[in-house]
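The values are calculated or read from the model by the stated rules, or taken from the named source; none is laboratory data. Predicted, not measured: the structure shown is a model, and the values here were computed from it. A quick note on method: Cβ atoms are made from the backbone with ideal geometry, for glycine too, and the neighbour counts reach across all protein chains shown. Ligands, DNA and RNA are stripped out before the accessible areas are found, and what is left, the full protein with its side chains, is counted by its heavy atoms. Shrake-Rupley method; radii C 1.70, N 1.55, O 1.52, S 1.80 Å.
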Amino acid sequence: MDGGEELTEQETALYDRQIRVWGVDAQRRLSKSHILVSGLKGTVVEFCKNIVLAGVGSLTLNDDREVTEEALAANFLIPADENVFDGRSIAELCCDSLKDFNPMVRVSVQKGDLSSFDADFFDKFNVVVISCCSLATKRLVNESCRKLLKRVAFYTVDCRDSCGEIFVDLQNYTYSKKKLDETVECQLKYPSFEEAIAIPWRSLPKRVSKLYFAMRVVERFEEVEKRKPGETSISDLSNVLKLRKELCLAHSLNESQIPDALLERLIAVTREFPPVCAVVGGILGQEVIKALSGKGDPLKNFFFYDAVDGKGVVEDISNS
């Protein structure tokens with residue numbers, strides 16, 4: 001992304017500490033960047049807070065849902081006072097709160113179903129982050145971003161119970177990093193979401209995170225049953241286990257790679273766990289800042305976190 005015009009005096013003063021960490025050029029790129037976020041659950045609002053404080057140019061929010069008890073449990077941007085709801089969407093309420101974090105960032109709301117937007121809509125952005133979307137929507141939005149002449153970084157993030165997943169597609173990405181006393185230029189080629197999940201499981205390294213397989217099973221179950229993301233319960237376990245058996249047979253994978261207990265956690269407790277939201281949302285913010293600034297080794301291309309063992313794992317699920 002082109003750095004564009006110089007920082008204003010006000011921006012330089014406000015972001016002084018950050019400029020000392022990653023440099024004026026990186027901050028200039030951030031300040032001229034435009035980000036779209038869809039699906040404002042707990043992990044995503046953590047990301048929004050971090051990216052607004054970092055000083056991006058603009059942030060557009062897309063989430064037409066009304067406030068529910070579940071939304072209040074993990075979304076700290078929604079005011080506790082029900083009197084301010086007044087039929088307003090989650091995106092509209094979060095927009096007001098985020099503006100208070102950093103008045104120099106333009107925060108706005110885009111209404112509508114994410115899957116109804118054409119490719120030209122995404123051309124306005126440098127980064128697209130989506131959450132709580134169907135498998136079909138993930139594929140559709142990712143491909144829309146890839147059709148554009150410019151590179152639009154694409155991320156999906158999902159948290160269920162105490163587990164989290166991030167997927168990254170930076171397409172053909174060039175970045176710089178320090179090696180000894182010099183700065184070297186590096187290149188990475190990313191697969192699309194569709195290309196990544198289409199890779200046969202039997203061809204993946206034996207020690208790939210069990211969460212990768214488990215998330216694909218639950219994702220596929222929701223698609224087959226025409227469920228919205230998170231619309232599962234413990235009563236679905238027998239059917240989920242049946243689907244796991246079918247997928248493992250098709251992919252020549254031992255079923256022990258996808259433990260019953262892990263699948264049970266993912267379908268039975270669909271609410272987000274706030275501490276996990278903070279961890280995964282923080283990682284996502286860090287990765288987007290690296291992608292926009294062109295500095296530092298980016299994540300390629302999946303990140304998994306499980307609070308049970310406290311481990312974060314990066315998996316390269318690609319043919320390269």
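Relative contact order (percent) for the range 191-320, with alpha-carbon contacts under 8 angstrom and 6 or more residues of separation?
Answer for the range 191-320 is 29 percent.
Taking θ = phi - 60°, what integer Hz values does the Karplus form 6.51 cos²θ - 1.76 cosθ + 1.60 yield along the range 273-280, in sequence order, with x for Gly and Pro?
9, x, x, 5, 4, 5, 5, 5
Using Cα pairs closer than 8 Å and at least 6 residues apart in sequence, work out the relative contact order for the chain, in percent.
Relative contact order, the chain: 20 percent.
Most fluctuating residue of Asp161, Asp260, Asp100 in a GNM of the chain with Cα springs under 10 Å: which is it?
Judging by the Gaussian network model, the answer is Asp100.
Output ³J(HN,Hα) for the range 13-28: one whole-Hz value per residue in order, computed from phi by the Karplus curve 6.51 cos²θ - 1.76 cosθ + 1.60 with θ = phi - 60°, and x for Gly and Pro.
So the Karplus estimates, Gly and Pro as x, are 5, 5, 9, 3, 5, 5, 4, 5, 7, 10, x, 5, 5, 5, 5, 5 Hz.
Which of Thr43, Thr183, Thr60 moves most in a GNM of the chain, Cα contacts under 10 Å?
Thr183
Quick one: helix 237-251 against the long Cα principal axis of the chain, what's the angle to the nearest 10°, folded into 0 to 90?
For helix 237-251, the angle is close to 90 degrees.
Which ³J(HN,Hα) values in Hz, rounded to whole numbers, follow from the phi angles of the range 83-99 under the Karplus curve 6.51 cos²θ - 1.76 cosθ + 1.60, where θ = phi - 60° and Gly and Pro get x?
Rounded to whole hertz, the list is 5, 8, 5, 6, x, 7, 6, 4, 4, 5, 5, 5, 4, 4, 5, 5, 4.
Give the residue from Leu204, Ala268, Ile258 lying farthest towards the positive end of the charge dipole for the range 198-268; charges sit on Cβ (+1 for Lys and Arg, -1 for Asp and Glu) and the dipole is referred to the Cα centre.
Among Leu204, Ala268, Ile258, the one farthest towards the positive end of the dipole of the range 198-268 is Leu204.
Pop out the carbon and sulfur fraction of the accessible area of the chain as a percent, whole number, probe 1.4 Å. Please list the in-between numbers first.
On the way: 7420 of 15200 Å².
Solvent-exposed carbon and sulfur of the chain make up 49 percent of the total.
Roughly what % of DSSP beta bridges within the chain run antiparallel, to the nearest 5? Please list the in-between numbers first.
Details: 25 of 45 bridges.
Here the share of antiparallel DSSP bridges comes out near 55 percent.
Amide H of Leu59: which non-local residues (sequence gap of 5 or more, or other chain) have their own amide H closer than 5 Å, using H built in the peptide plane?
Ile35, Arg106, Val107, Ser108
Mind scanning Lys124/Lys189; Lys41/Lys228; Lys138/Lys206; Lys49/Lys150; Lys206/Lys242; Lys32/Lys295 and naming the pairs with a C-alpha gap bigger than 18 Å?
In this structure, Lys124/Lys189; Lys138/Lys206; Lys49/Lys150; Lys206/Lys242 lie more than 18 Å apart at Cα.
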